[in-house]
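Quick note: the coordinates plus some simple rules give every number you see, no bench work behind them. What you see is a predicted model; the values in this text were computed from it and never measured. When we count neighbours, we look across all protein chains shown, and the Cβ atoms used for this are built from the backbone with ideal geometry, even at glycine.
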Amino acid sequence: MYPTLSEFLKTLGINIQLPIQMFGFFVAIAFAVAAYLVSLELKRKQALGILKPSYKKIIVGAPATITDYITSAIIGFFIGFKLIYMALNYSEFSNDPQSTLLSFKGNLLGGIVVAAIMTYLRFRESKAQLLPKPEERKIELKPADHVGNIILLGVVGGFLGAKIFHNLENPSEFVADPIGALFSFSGLTFYGGLIVAAVLIIRYGRKNGLPAIHITDACAPALMLSYGVGRIGCQISGDGDWGIVNLAPKPNWMSFLPDWMWSFKFPHNVNNEGVPIPGCVGRWCHELPQPVFPTSFYETCMAIVLFAILWSIRKKITTPGLLFSIYLIMNGAERFIIESIRVNSLYNIFGIGITQAQIISTILMFLGIFGIWYTKKIAITNEKR
């Protein structure tokens with residue numbers, strides 16, 4: 001396992017201390033992949049005439065307001081407060097970036113200096129753009145121009161939703177440490193992030209002339225692939241998202257594959273869960289007492305296959321909303337299946353043990369089935385007119 005990027009680089013003979021956790025590294029890659037794929041789809045839909053550019057009115061040449069200066073100063077102070085402290089205490093920051101970022105530790109002088117610089121730069125920018133008489137202009141925004149905001153909403157909404165749903169699923173963790181449970185970067189529930197992010201993105205689309213049904217279709221393949229990329233980070237870092245104990249012998253049909261693909265103890269996992277590794281010296285020296293299913297690896301494989309299917313059929317599907325409905329069924333089925341061999345809290349419903357993810361995945365599959373029926377019905381109705 002490689003809890004951090006630095007631990008991985010050491011295996012290549014590169015000894016450099018970086019404040020980058022492996023899980024976060026792959027999450028960043030996942031969002032970059034999503035941004036690229038969504039941008040491609042929005043451009044394709046515009047070329048086909050499905051999506052149209054929107055127009056936004058802006059005022060140019062007006063002087064900066066007090067609010068503008070205050071905002072620049074606050075942002076500058078936060079950057080300087082944290083950045084200077086991290087630079088002066090790099091060893092502490094690189095060893096535990098999460099605690100440093102979420103603490104009240106900082107450099108007061110650095111915050112004041114950077115706040116002053118940011119305020120001055122805002123003044124210079126305002127002065128350079130100042131016109132004798134401010135003008136109202138209309139600017140064109142192509143669908144792909146919204147990708148940055150869409151991804152930002154996905155990041156913010158995804159993190160908030162993932163934390164909320166994780167704490168609902170694990171109330172004992174929240175009660176024991178409310179602040180840590182809310183602000184730590186561990187303990188994230190995918191479906192919580194998907195739901196909250198989807199609400200924010202759909203709301204944004206409505207405000208900017210992007211129909212929700214087309215945004216969701218454009219995002220469907222990207223969501224599937226980025227989920228698989230994120231699971232690579234789970235597998236490599238050993239973040240606890242593994243399966244149940246697997247003591248069964250490896251099947252003959254898997255004989256040509258490495259043993260870890262069947263059962264694995266996740267040595268040197270980032271959570272330091274399990275028992276000490278004999279002879280190991282360092283920060284991450286634990287492994288699970290018994291091998292388990294490497295479910296993150298399985299999910300990565302399934303996500304890549306399902307992405308390939310979605311990507312290959314996206315141009316053949318002309319009914320709006322149909323592609324996203326198929327994604328919901330695929331995503332729900334994949335997650336429902338994998339939950340049967342994952343470690344998770346169970347809810348007792350009518351005497352049946354079921355996880356939060358299985359409940360949500362079942363709902364998503366039904367929504368996908370309903371979506372296929374509804375979109376087809378609308379398409380047939382439109383053809384008859």
Rounded if a/c under 1.5, otherwise prolate or oblate - the range 290-379, Cα gyration tensor axes: oblate
Cα point-scatterer Debye curve for the range 33-172, base-10 log of I(q)/I(0) at q = 0.13, 0.20 Å⁻¹: -0.97, -1.11
Backbone N within the range 225-259 under 11 Å of label point (7 Å from residue 11 Cα along the Cβ vector): 236-237
Stokes-Einstein D (µm²/s) once Rh is taken as the Kirkwood radius of the range 63-130 over alpha-carbon pairs, at 20 °C in 1.002 mPa s: 169
Cysteines without a disulfide-compatible partner [the chain; Cβ-Cβ under 4.7 Å]: 219, 234, 301
The range 63-130, dipole about Cα centre (Lys/Arg Cβ +1, Asp/Glu Cβ -1), debye to the nearest 20: 200
Long-range HN-HN contacts of residue 341 with modeled amide H, under 5 Å: none
FRET E, pair residue 359, residue 87, Förster distance 45 Å, beta-carbon r, rounded to 0.05: 0.45
Nearby lysines by direct alpha-carbon distance to residue 52 (threshold 21 angstrom, same-chain neighbours under 8 apart not counted): 43, 138, 142, 207, 315, 316
Cβ crowding within 10 Å averaged over residues, with 236-244, 256-264, 81-89 ranked highest first: 236-244, 81-89, 256-264
Selection of chymotrypsin sites (Phe, Trp or Tyr not before Pro), the range 294-385, meeting DSSP coil and at most 14 other Cβ within 10 Å: 350
Amide hydrogen neighbours beyond the local backbone of residue 246, cut-off 5 Å, H modeled: 292, 293
Cα-Cα pairs of the chain separated by more than 36 Å (percent): 37
Spacing of the two label points (7 Å from each Cα toward its C-beta) at residue 337 and residue 255, in nm: 2.5
Cα pair distances exceeding 18 angstrom across the range 231-385, given as percent: 69
The chain: calculated mean residue ellipticity at 222 nm from DSSP helix runs of at least 4, using -39500 (n - 2.57): -20500 deg cm²/dmol
Amide H partners (placed H, <5 Å) of residue 286, local residues excluded: 268, 269, 277
Computed over the range 63-130: relative contact order in percent, which uses C-alpha pairs under 8 Å that are six or more apart: 51
Taking the C-alpha atoms of the range 269-327, convex hull volume expressed per residue in Å³: 121
Cα centroid separation - the range 1-32 against the range 275-316, whole Å: 16
Relative contact order (%) - the chain, alpha-carbon pairs under 8 angstrom, separation at least six: 17
GNM result for the chain, Cα springs below 10 Å: residue of 25, 93, 104 fluctuating most strongly: 104
At least 18 Å along the helix axis (C-alpha) and Kyte average at least 1.0, DSSP helices within the chain: 22-47, 66-88, 147-169, 190-207, 295-313, 322-339
Paramagnetic label zone (point 7 Å from Cα along Cα-to-C-beta, residue 247; backbone N under 11 Å) in the range 295-326: none
